[in-house]
Amino acid sequence: MTFYDGKSIVVLGGYGFLGSHISKKLSNYDCRLFISSQKNGVDFRRFDSCLNYLQNIRPDIIFNCVGDQGGIGYYENREGQIYLDNLLMGTYLMEAARIAGAKKYVNIVPNCSYPGHLSGELIREEDFWDGPLHNSVLSYGFSKKAPVIQGWSYAKQYHFNSIHLILTNMYGPGDHFDAQKSHALGALLLKFYEAKKNHIPSVEVWGTGEAIREWLYVEDAADAVIRAGEKYDELDPLNIAVGSGISISELAEIIKRITRFEGKIIYNKNRPSGAKKKVLSVSKMQDKLKWTPETPIETGIGQTLRWLEEHYDTVVALQKSQTSP
């Protein structure tokens, strides 16, 4: 019998990118699994909606993957909405989970919640409070950072058990691929794929190409989150990451090769690049979880490309629906 067998488990945001992969993996356990999102009528920005949903289930374990988020371009002119949405969802869901009697609350935190000035060295969990966030993601990063304090406060007063996992940039099947909602890898993969498909002579890459990021395959991320739900029980945040990064220009060259695009890469230096380097330390993760990600980036991109090829019409239709008035 495993840790999850026999338990009632809720995946909040379970139809989203990370949440859907967590849900799929949890379905292999002998547990009572509930998947929720805005799609099935739960408005996470309303406390009554959160509380009614969780009180009806009385879950043992909750995975919170909910978030109003996107790539760097998504946050422009949406700062207020993004701040309020994420602050309300994070606050209300943890309070509803406490009242509903959840025994463990697994909260997903984005890596942009780290201070914006950190660069050069691997970013450790001890650096989490060491300065302000990067301006490009301030509204999102801060609103997603607040539940870490809420979890600490609830542990002190209510003995509420929450853990907070800081996820690095992810990619993989089911990702967002448009420039607004996706991170750089998904947006670039779609650009190169369409350029190859439509015989377009060049692909534009935002920024200088010098920014360094790490990329965690979503299947690996889901494995780590589920493992942490079983193995990790500390209030201090825990990085879930690869521990090494590559520049955006290197990433573009890898994608160009995998998609067999033969045109030029043009860097638009007038577009934002974000922080210069964002690579998380994984020493604590390896110690606490006894785990490391398995998927090399070339393999992961190849698998993601195959998924994109199979679902291209759906991806395009979704983009049109999100941009239509």
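The values are calculated or read from the model by the stated rules, or taken from the named source; none is laboratory data. Everything quoted here is computed from the prediction, not taken from an experiment. In this analysis, Cβ positions are derived from the backbone assuming ideal geometry, glycine residues included, and neighbour counts consider all displayed protein chains.
Count of the stretch 7-47 residues, restricted to those that are touching a Phe, Trp or Tyr at 6+ places or on another chain (Cβ under 9 Å), without any contact (Cβ under 8 Å) to a residue 40 or more places away in the chain and not hydrophobic (A, V, I, L, M, F, W, C), is 9.
Would you check if there is a residue in the stretch 146-154 being closer than 22 Å to Ser247 by Cα and either under 18 Å from the mean Cα position of the chain (by Cα) or not in a helix (DSSP H, G or I) (or both)? No; the residues of the stretch 146-154 include none that is closer than 22 Å to Ser247 by Cα and either under 18 Å from the mean Cα position of the chain (by Cα) or not in a helix (DSSP H, G or I) (or both). Restricting attention to the stretch 29-40, the residues being of a type outside the set (Ser, Thr, Tyr) and out of contact with any helix residue (DSSP H, G or I) (no Cβ under 8 Å at 6 or more places or on another chain) number 6. Could you check, for the stretch 211-221, whether at least one of its residues is among the charged types (D, E, K, R), in contact (Cβ under 8 Å) with a residue 24 or more places away in the chain and assigned to a helix (DSSP H, G or I)? Yes, that holds for at least one residue.
Per-residue answers, yes or no, for (1) more than 19 Å from Asn239 (Cα to Cα); (2) out of contact with any Ser or Thr (no Cβ under 9 Å at 6 or more places or on another chain); (3) surrounded by fewer than 20 Cβ atoms within 10 Å (Cβ to Cβ):
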{"residue": "Cys31", "(1), (2), (3)": "yes, no, yes"}
{"residue": "Asn40", "(1), (2), (3)": "yes, yes, yes"}
{"residue": "Cys50", "(1), (2), (3)": "yes, yes, no"}
{"residue": "Asp60", "(1), (2), (3)": "yes, no, yes"}
{"residue": "Asn77", "(1), (2), (3)": "yes, yes, yes"}
{"residue": "Gly80", "(1), (2), (3)": "yes, no, yes"}
{"residue": "Lys104", "(1), (2), (3)": "no, no, no"}
{"residue": "Ile108", "(1), (2), (3)": "no, yes, no"}
{"residue": "His117", "(1), (2), (3)": "no, yes, yes"}
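Under the condition of being touching a Pro at 6+ places or on another chain (Cβ under 9 Å) and surrounded by fewer than 20 Cβ atoms within 10 Å (Cβ to Cβ), the residues counted in the stretch 1-21 number 2. Among the criteria (1) charged (D, E, K, R); (2) more than 19 Å from the chain's Cα centre (by Cα); (3) more than 25 Å from Gly174 (Cα to Cα), the one Arg32 does not fulfil is (3). If I filter the stretch 200-212 for residues that are over 21 Å from Arg271 (Cα atoms) and surrounded by 18 or more Cβ atoms within 10 Å (Cβ to Cβ), do I get at least one hit? Within the stretch 200-212, not a single residue is over 21 Å from Arg271 (Cα atoms) and surrounded by 18 or more Cβ atoms within 10 Å (Cβ to Cβ). When the stretch 143-180 is limited to residues that are of a type in the set (S, T, N, Q) and touching a strand residue (DSSP E or B) at 6+ places or on another chain (Cβ under 9 Å), the one that is nearest to Leu88 (Cα to Cα) turns out to be Gln150.
Restricting attention to the stretch 82-97, the residues that are under 11 Å from Gln150 (Cβ atoms), under 18 Å from the mean Cα position of the chain (by Cα) and surrounded by fewer than 22 Cβ atoms within 10 Å (Cβ to Cβ) total 1. The selection criterion, being among the aromatic types (Phe, Trp, Tyr), surrounded by fewer than 22 Cβ atoms within 10 Å (Cβ to Cβ), in contact with a strand residue (DSSP E or B) (Cβ under 8 Å, 6 or more places away or on another chain) and part of a helix (DSSP H, G or I), does not hold for Tyr140. In the stretch 277-312, how many are modelled with pLDDT under 90 and loosely packed, with under 15 Cβ neighbours inside 10 Å? Total satisfying the criteria: 0. Just so you know, in the stretch 1-59 the residues that are aliphatic (A, V, I, L, M) and part of a helix (DSSP H, G or I) include one that is farthest from Ala221 (Cα to Cα), and it is Leu51. If a residue has to be outside any loop (DSSP other than H, G, I, E, B) and among the hydroxyl-bearing types (Ser, Thr, Tyr) to count, how many in the stretch 110-134 make the cut? Final tally of qualifying residues: 1.
For the stretch 233-256, taking the residues that are buried (at least 19 other Cβ atoms within 10 Å of the Cβ) and part of a loop (DSSP other than H, G, I, E, B), the one that is farthest from the chain's Cα centre (by Cα) is identified as Gly245. Sub-6 Å Cβ pairs linking a first residue in the stretch 134-158 that is at positive phi to a second residue that is part of a helix (DSSP H, G or I), at least 6 apart or interchain, number zero.
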